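In what follows, a structure is listed as structure tokens, so that the remarks can point back to it.
Derivation of every value follows stated rules applied to the coordinates shown; laboratory data play no part. Just so you know, these numbers come straight off a predicted model, no measurement behind them. In this analysis, Cβ positions are derived from the backbone assuming ideal geometry, glycine residues included, and neighbour counts consider all displayed protein chains.
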DNA sequence: CCTAAATGTGAGCAACGTTTACATCCGCCG
DNA sequence: CGGCGGATGTAAACGTTGCTCACATTTAGG
């Protein structure tokens, strides 16, 4: 019974884990299939039995990320008062950004479409659409009940998404310091910005 | 007088031009120093006389991009009615996004801090700060004259920046189609979203 | 004019993604 | 229980990359 049997047994999962760890250390663009294979204790060619290429490996990481992300967002939405769509939107936006701040690695991979094959995945577009629909439903309900100001709902939806996405990206892109936000203030400042924006949606 | 003299004469500029063209064809992440050198008609090692490495080359591209970007934004601001700070903000935001739509290449390079050495450049942070200060001045003036709603100006500034940055990034990241915005609608839809947001700033 | 600095060449290094031929092991069918 | 085929691993190799280095060529200035 050698320390390392010829067959790894769970190489696919091990590769995804090693890749996540690698990204955490050196960033998504400096990830190397060979190094991840090294950490999984296999030869450089082995990963290609499980992934058609580097992009497929990164896409697998993104799928994991998306699953956790979706769980976080839907949980936050479920915990929000069901009778207040604006509170629901705030919860969703807050969850998105909070998740990005806590898992910048996963967020980066998920949002950088040059690293992954988003549309080549069955899971990623579907999950994305689910989240989108949740947001759209809240807006529709809020407008119907006169709680959210009128106007083209598509404009409100895209605006909200861009707002929250921009905040998250500015953070993971390391741009906040240049805009006068010290790292330890980031979470509080971002929360304030979201609060300000979402409250502005009320009718 | 040989077709290609031993000395190129303006290799630095030629490399930047070749790199921009290359980015336009294959995207910033697939740029290759060797290919750019090939197009400039020079050996693979030559560029390293002018750039300390690939990052320095990309940073030079980013500096060109920032110069044009700053010109566009300040021009738009100058053309806006000086007595209406809200119109000024709208002009700045619109210029940012319009510029990004028209020059996705340059925008990508400029905003992807893993490709360039932003803080290692003397020009980039300075130019960034100038634009920031223009925005801050408009907000301060608007609040002082009661034209913009009250509240922490830092929150308004970060929010505005994130909003506009998020829109531009969603576009260049190719995410708009997934949010129900067809390419030919993009410009109009984005303009509507900005309009909606900025008008919401009025007191 | 002649030399020093600037700028280009070309070979070469280590690392990468990926492919291929071959080795080993697991599970299933007789 | 045996053996056999497919799944999964290895090792070597290919072409390309970023970058360096020794050397060649040109330009510029005292």
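Tabulated results
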| read-out | value |
| --- | --- |
| Acute angle (nearest 10 degrees) that the helix B:123-144 long axis makes with the longest principal axis of chain B, alpha-carbon atoms | 10 degrees |
| Whole-number D in µm² s⁻¹ for segment B:60-203, Kirkwood Cα-pair radius fed into Stokes-Einstein, 20 °C, 1.002 mPa s | 136 µm²/s |
| Cα→Cβ-extended label distance, 7 Å offset, between residue B:25 and residue B:184, nm | 2.9 nm |
| Extent along principal axes [Cα atoms of the protein assembly as shown; Å; largest to smallest] | 70, 64, 40 |
| Chain B: most fluctuating residue of B:22, B:147, B:110 per GNM, C-alpha cutoff 10 Å | B:147 |
| Neighbour-count order for A:25, A:63, fewest beta carbons within 10 angstrom listed first | A:25, A:63 |
| Ranked B:33, A:193, criterion: other C-beta atoms within 10 Å, fewest first | B:33, A:193 |
| Inter-copy separations for residue B:9, label at 7 Å along Cα-Cβ, nm, ascending | 6.8 |
| Percent RCO, i.e. relative contact order, over segment B:112-203, from Cα pairs under 8 Å lying at least 6 residues apart | 27 percent |
| Length-normalised contact order for chain A - Cα pairs under 8 Å, 6+ apart - percent | 21 percent |
| Computed FRET value (nearest 0.05) for residue A:123 with residue A:39, which takes r as the C-beta separation and R₀ as 25 Å | 0.50 |
| Average beta-carbon neighbours from other chains, 10 Å sphere, peptide A:153-161 | 6 |
| Relative contact order of segment A:11-73, defined on C-alpha pairs under 8 angstrom at six or more residues apart (%) | 34 percent |
| Of B:132, B:150, B:185, the one that fluctuates the most in a GNM where chain B has Cα springs shorter than 10 Å | B:185 |
| Number of partner chain Cβ atoms within 10 Å, mean per residue of A:175-188 | 3 |
| Two-site FRET efficiency, residue A:48 against residue A:83, from Cβ-Cβ distance with R₀ of 51 Å, rounded to 0.05 | 0.45 |
| Sites residue A:75 and residue B:141, calculated FRET efficiency, Cβ-Cβ separation with R0 35 Å, nearest 0.05 | 0.25 |
| Ranked list, fewest to most other Cβ atoms within 10 Å of each Cβ, for A:7, A:50 | A:7, A:50 |
| Choice from A:32, A:105, A:59 showing the highest fluctuation, given a GNM over chain A with Cα pairs closer than 10 Å | A:32 |
| Between helix A:54-79 and chain A: long-axis angle, C-alpha atoms, 0 to 90°, nearest 10 | 40 degrees |
| Chain A, helix-only ellipticity at 222 nm - DSSP H runs n ≥ 4, -39,500 (n - 2.57), divided by all residues, nearest 500 | -21500 deg cm²/dmol |
| C-alpha long axis of helix B:11-26 to longest principal axis of chain B, angle in ° | 70 degrees |
| Residue list for segment A:75-89, given a label point 7 angstrom along the Cα-to-Cβ vector of residue A:130 and an amide N cut-off under 11 Å | A:75 |
| Chain B, rotation onto A, residue closest to that axis via Cβ, with its distance in Å | B:166, 1 |
